[in-house]
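Data block below; observations after.
The values are calculated or read from the model by the stated rules, or taken from the named source; none is laboratory data. The model shown is predicted, which means the values in this text are computed figures rather than measured ones. Please note: Cβ atoms are built from the backbone with ideal geometry, for glycine as well, and neighbour counts cover all protein chains shown. Ligands, DNA and RNA are stripped out before the accessible areas are found, and what is left, the full protein with its side chains, is counted by its heavy atoms. Shrake-Rupley method; radii C 1.70, N 1.55, O 1.52, S 1.80 Å.
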Amino acid sequence: MSNSKSEELSSDIKYTLPEEDWMDVPVRMKKGMYCHGANENSLITVGFPNPRQWSSSETNWKLPENWQDIVLTGMAERLEKYRSFHIFMDICVRCGACADKCHFFLGTGDPKNMPVLRAELLRSIYRREFTTAGKLFGKFAGARELNEEVLREWWYYFFQCTECRRCSVFCPYGIDTAEITMIARELLNLLGLNIEWIAGPVANCYMKGNHLGLEPHTITSSVEFLTDEIEELTGIKIEPTFNRKGAEILFVTPSGDLFADPGTYTCMGYLMLFHELGLDYTWSTYASEGGNFGSFTSNEMGKRLNSKIYAEAKRLGVKWILGGECGHMWRVLNQYMDTWNGPADFLEVPVSPITGTVFENASSTKMVHISEFTADLLKHDRLEIAPSRNDHYKVTYHDSCNTSRGMGLLEEPRYIIKKVCNNFFEMPEHTIREKTFCCGSGSGLNASENMEMRLRGGFPRANAVKYVKNKYDVDMLACICAIDRAALTTIMDYWVPGVRVIGVTELLANAMKMKGENNRQTDLRGDPLLGAEGGDAEEESEDV
Amino acid sequence: MKILLPFLGVIGVVMVAFVGVELLNLRYLFGIIIPYAAFITFMAGVILHVLKWGRSAVPFCIPTTSGQQKSFPWVKRDRLDNPSDNLEVIGRMALEVFLFRSLFSNTSSSLKEDEGRLIHGSSKWLWGAGLAFHWTFFIVVFRHLRLFVDPIPSVLYLVDSLDGLMQLGVPVLYWTGLILLGSATYLFIRRVFIPQVRYISLPNDHFPLLLIIAIVLSGLLMRYFLKVDIIYVKDLTVGLFSLKPVITHNLGLIFYIHLFLVSVLLAYFPFSKLMHAAGVLLSPTRNMPNNSRRVRHINPWNYPVKVHTYEEYEDDFRDKMKKAGIPVEKE
Ligand code: SF4
Ligand code: SF4
């Protein structure tokens, strides 16, 4: 199936390279490919450097007088603080294995989006300032001067990397351009060169507890709205609690799922599941954000925002923490949280109150992923499931970058999907699991002014979805990430119209028979179920 | 230019040896002093560099996970691509270092422009050539040890006889030498002809490859064509090794060129990307287990940060919280 809209962007993707050496190609900031600069107030709220009114599309970025010193001192400091950074600056052999692994390169054809060149943007300065060869031989050794032109190039391309780590999987030395991007963004942050789409949510999260800036009463009313929907659908009234001391479990999930379709359906799924289990849990309005946009700007800011989760768990006296579906949230929870804000010795090793399973793999952080929790329930047959209630969908599954390459949560969501729906089709092998393609909007780049960049970045993912759509009529893209739910919806509308995005917990809730529910005729989003209620739909033959 | 300069560089190295040995007769310099200096630079440079890396902290546990994590006993986990303890890390690293496992899974993507379709296929050329290059390089270097020690240990005889299995006349033809030459040439050609790789290559990517090709060529010339007398070479090399170097015979220009090229490579090594040989062992995305939810990783420079406390939050929103029926600490 072709659609004229998507030909617009795909037709100008060419992997041909300029004649000139990359160092001689000046950066051309193309509208639609970058974000607005951070507002003064967002930076002031969290005490970030160089707050001022500025615009990323103008030439004068109002840098501090001694900006070069700030950058170079910042680099020197980080070379000592991060062995990863230090080694990655030294050992790349430019073998090119990573070159065609980045979705931004595949979607733009811009050579500076090859992970190796993205890293060279910074490495060239490292060589000039920190290595003997670079000081002596300059350009011959791949070194160049740090000037404003270079700084613009950094800003443009390090906010054109979603820190997805796909390049790192293929690199023979594990060089992780995501790690280099993280350091580069820290350096840019020292000059106040943030983007508002990150800085705004960071300020919100710092003051109000979540990226969207939902105040406590808005959180409760948003959840209430969802429980009303559930009641309409199932006849069951759910009354969740907030900031309740003495609950067994604290539940933390990205705030995005409270707010916009289709994330809200996933959120309804959580509410229904916990109600059905009779789980002794609470929401928190203070720690009302699972995601962490702070981690997209600096390690320190990531830690400042993340601290709320343990602090709240301690204040409420819960035993352990359950985390919802989100990508980067889980990179942070898996690889950073305990180191930053642990030890969580005031919590207990998580045990499922339903199955008695001890979550050994989370024995130190005390935080369990909802897919782990649910997979365990299904393994022990603790839910009544009618997979036929998802028969009106043909489902494929998108691994989010962070849960695959920063955690390895590959099987649990698949196990759930296979239990709760009958029509599941995998995308081609080089585009899933650890080789999954990014949605193109991760790491705080899901703004609207950079739409062309997002669509291009989402092209490789969309391409693989299109493949299963053509082959199996797939019409639902399942995922376990709040950003995916928002971002991939846009990407699908553009590249593969007709495919919608669904959270795994929404699929589960569709199929879950609740005690005392009425005769459900539609799924969570109001789509009519195939056939009548119950298992009848199973009788229907599939038309392929 | 990116290719020409390093090419001229290697020619230059050869010329220096030629002028130094043939015209100026500085055999002592090229046969003894420079090799020693190069070797010392190599050793000291590598050690200092590794120490420098070692001084950098490893604040977070950041393995790149390329397979299923360890969660429940009934979920099959991937011990090698997502190691959960140090033993499994050793397995992952061993496969990485000895068999280039990450490169083995390499893919190549192409765009069918007319249909706007991306195709991803497996691609093993770089892996094959890289593996052939590094292994034969290692064996050739190892074989050379017989020049430095007397008597020759039996393990060297073994390698020697395996390597020389395809005996095609005298002297025995070592197949490793040929594979080394072939794979190094392939790696060079790929750098020049694959557009993406050419684009990212720097002069100092071409230089070591050309240098190594020159070393192999001079070595092959010496062994099979100009037939430098191995007995005389051994006089010098054993002397070098036992710190009693003497130059007894006229060893011929080609030998000095070979030796000087090797010296340049050794001295160049610690200041270049060739340090990847040591760096790969220290790479945090590969050499750490993915166990950070089970075992707390300590950041040596972790420091307290300014946070927005619950108390401050409640002060900001107390009335709204009370109205919404959310419990508060202070009424
Ligand atoms: S795969 Fe690794 S070594 Fe090769 S070019 Fe990319 S970053 Fe450099
Ligand atoms: S981390 Fe992802 S977005 Fe960034 S360079 Fe690597 S592949 Fe591209």
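For every residue, the table says whether it meets (1) at pLDDT 95 or above; (2) open to solvent by less than 10 Å² (accessible area, probe 1.4 Å); (3) aromatic (Phe, Trp, Tyr).
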position	(1), (2), (3)
A:VAL223	yes, yes, no
A:THR227	yes, yes, no
A:ILE236	yes, no, no
A:GLY246	yes, no, no
A:PHE259	no, no, yes
A:SER284	yes, yes, no
A:THR297	yes, yes, no
A:GLY302	yes, yes, no
A:ILE309	yes, yes, no
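Taking helices (runs of 4 or more DSSP H) that fall entirely within region B:213-314, which contain at least 1 residues that are open to solvent by 20 Å² or more (accessible area, probe 1.4 Å) and touching a Leu at 6+ places or on another chain (Cβ under 7 Å)?
Numbers: elements: B:230-241, B:253-268, B:276-282.
So the answer is B:230-241, B:253-268.
Which ones in region A:180-215 are within 16 Å of ligand 1 (Cβ to nearest atom) and either assigned by TED's automatic domain parsing to the domain that holds A:GLU434 or among the β-branched types (Val, Ile, Thr) (or both)? Quick ask: steps written out before the conclusion?
So the first thing to find is which residues in region A:180-215 are within 16 Å of ligand 1 (Cβ to nearest atom), and the list is A:180-184.
Scanning region A:180-215 gives A:ILE180, A:THR181, A:ILE183.
Checking A:ARG83 against (1) more than 10 Å from every other protein chain (Cβ to nearest Cβ); (2) away from ligand 2 (no atom under 16 Å from the Cβ), which single condition isn't satisfied?
If we test A:ARG83 against (1) more than 10 Å from every other protein chain (Cβ to nearest Cβ); (2) away from ligand 2 (no atom under 16 Å from the Cβ), just (1) comes out false.
When you look at A:GLU434, is it in contact with a helix residue (DSSP H, G or I) (Cβ under 6 Å, 6 or more places away or on another chain), within 16 Å of ligand 1 (Cβ to nearest atom) and not in a strand (DSSP E or B), yes or no? Outline the logic, then answer.
Details: in contact with a helix residue (DSSP H, G or I) (Cβ under 6 Å, 6 or more places away or on another chain): yes; within 16 Å of ligand 1 (Cβ to nearest atom): yes; not in a strand (DSSP E or B): yes.
Taking the combined requirement at face value, the residue satisfies it.
Being more than 9 Å from chain A (Cβ to nearest Cβ), over 22 Å from B:VAL197 (Cα atoms) and modelled with pLDDT of 95 or more is true for just one of B:GLY54, B:GLY91, B:GLY128. Which residue is that? Before you say what the answer is, go through the steps one by one.
Details: B:GLY54 fails: more than 9 Å from chain A (Cβ to nearest Cβ); B:GLY128 fails: over 22 Å from B:VAL197 (Cα atoms).
That would be B:GLY91, the only listed residue that is more than 9 Å from chain A (Cβ to nearest Cβ), over 22 Å from B:VAL197 (Cα atoms) and modelled with pLDDT of 95 or more.
Which ones in region A:346-381 are in a loop (DSSP other than H, G, I, E, B), free of Cβ contacts under 8 Å to residues at least 60 places away in the same chain, among the aliphatic types (A, V, I, L, M) and surrounded by fewer than 21 Cβ atoms within 10 Å (Cβ to Cβ)?
A:VAL349 - this is the single residue of region A:346-381 that is in a loop (DSSP other than H, G, I, E, B), free of Cβ contacts under 8 Å to residues at least 60 places away in the same chain, among the aliphatic types (A, V, I, L, M) and surrounded by fewer than 21 Cβ atoms within 10 Å (Cβ to Cβ).
Which of the residues that make up region A:163-179 are open to solvent by less than 10 Å² (accessible area, probe 1.4 Å) and either within 9 Å of ligand 1 (Cβ to nearest atom) or touching a Gly at 6+ places or on another chain (Cβ under 6 Å) (or both)?
If the condition is that a residue be open to solvent by less than 10 Å² (accessible area, probe 1.4 Å) and either within 9 Å of ligand 1 (Cβ to nearest atom) or touching a Gly at 6+ places or on another chain (Cβ under 6 Å) (or both), then A:SER168, A:PHE170, A:GLY174, A:ASP176, A:THR177 are the ones that fit.
Scanning for something within 10 Å of ligand 1 (Cβ to nearest atom), within 13 Å of chain B (Cβ to nearest Cβ), on the phi < 0 side of the Ramachandran plot and assigned to a loop (DSSP other than H, G, I, E, B), does region A:107-127 turn up at least one residue?
First, pick out the residues of region A:107-127 that are within 10 Å of ligand 1 (Cβ to nearest atom): A:114-120, A:123.
Next, only the ones that are within 13 Å of chain B (Cβ to nearest Cβ) stay: A:114-120, A:123.
From the residues that got through so far, the ones that are on the phi < 0 side of the Ramachandran plot too are A:114-120, A:123.
Still in the list and also assigned to a loop (DSSP other than H, G, I, E, B): A:114.
Scanning region A:107-127 turns up at least one residue that is within 10 Å of ligand 1 (Cβ to nearest atom), within 13 Å of chain B (Cβ to nearest Cβ), on the phi < 0 side of the Ramachandran plot and assigned to a loop (DSSP other than H, G, I, E, B).
Residues in region B:190-200: is at least one modelled with pLDDT under 95 and farther than 30 Å from B:LEU131 by Cβ?
No: region B:190-200 contains no residue that is modelled with pLDDT under 95 and farther than 30 Å from B:LEU131 by Cβ.
Can you tell me which of B:PRO59, B:PRO63 is in contact with a Pro (Cβ under 8 Å, 6 or more places away or on another chain), part of a loop (DSSP other than H, G, I, E, B), more than 7 Å from chain A (Cβ to nearest Cβ) and touching a residue at least 12 places away in the same chain (Cβ under 8 Å)? Spell out how you get there, then give the answer.
Values: B:PRO59 fails: more than 7 Å from chain A (Cβ to nearest Cβ).
Being in contact with a Pro (Cβ under 8 Å, 6 or more places away or on another chain), part of a loop (DSSP other than H, G, I, E, B), more than 7 Å from chain A (Cβ to nearest Cβ) and touching a residue at least 12 places away in the same chain (Cβ under 8 Å) holds for just one of B:PRO59, B:PRO63, which is B:PRO63.
What helices (runs of 4 or more DSSP H), lying completely within region A:437-516, carry at least 1 residues that are open to solvent by 20 Å² or more (accessible area, probe 1.4 Å)? Lay out the reasoning, then the answer.
Values: elements: A:451-457, A:459-472, A:482-495, A:504-511.
Once the helices (runs of 4 or more DSSP H) in region A:437-516 are filtered for at least 1 residues that are open to solvent by 20 Å² or more (accessible area, probe 1.4 Å), what remains is A:451-457, A:459-472, A:482-495.
Being surrounded by 15 or more Cβ atoms within 10 Å (Cβ to Cβ) and in contact with an Asp or Glu (Cβ under 8 Å, 6 or more places away or on another chain) is true for just one of B:GLY67, B:GLY9. Which residue is that?
Numbers: B:GLY9 fails: in contact with an Asp or Glu (Cβ under 8 Å, 6 or more places away or on another chain).
The match here is B:GLY67.
Looking at the structure I just gave you, is B:LEU266 more than 7 Å from every other protein chain (Cβ to nearest Cβ), within 26 Å of A:MET89 (Cβ to Cβ) and under 15 Å from the mean Cα position of the chain (by Cα)?
Details: more than 7 Å from every other protein chain (Cβ to nearest Cβ): yes; within 26 Å of A:MET89 (Cβ to Cβ): yes; under 15 Å from the mean Cα position of the chain (by Cα): yes.
So B:LEU266 fits the description; yes.
Go through (1) open to solvent by 10 Å² or more (accessible area, probe 1.4 Å); (2) outside any loop (DSSP other than H, G, I, E, B); (3) not hydrophobic (A, V, I, L, M, F, W, C) for A:GLY96 and report which single condition fails.
(2)
So how many residues does region A:322-345 have that are touching an Asp or Glu at 6+ places or on another chain (Cβ under 9 Å) and either open to solvent by 10 Å² or more (accessible area, probe 1.4 Å) or within 11 Å of another protein chain (Cβ to nearest Cβ) (or both)? Lay out the reasoning, then the answer.
First, the residues of region A:322-345 that are touching an Asp or Glu at 6+ places or on another chain (Cβ under 9 Å): A:324-329, A:331, A:344.
From what is left, the residues that are either open to solvent by 10 Å² or more (accessible area, probe 1.4 Å) or within 11 Å of another protein chain (Cβ to nearest Cβ) (or both) are A:328, A:331, A:344.
Total meeting the criteria: 3.
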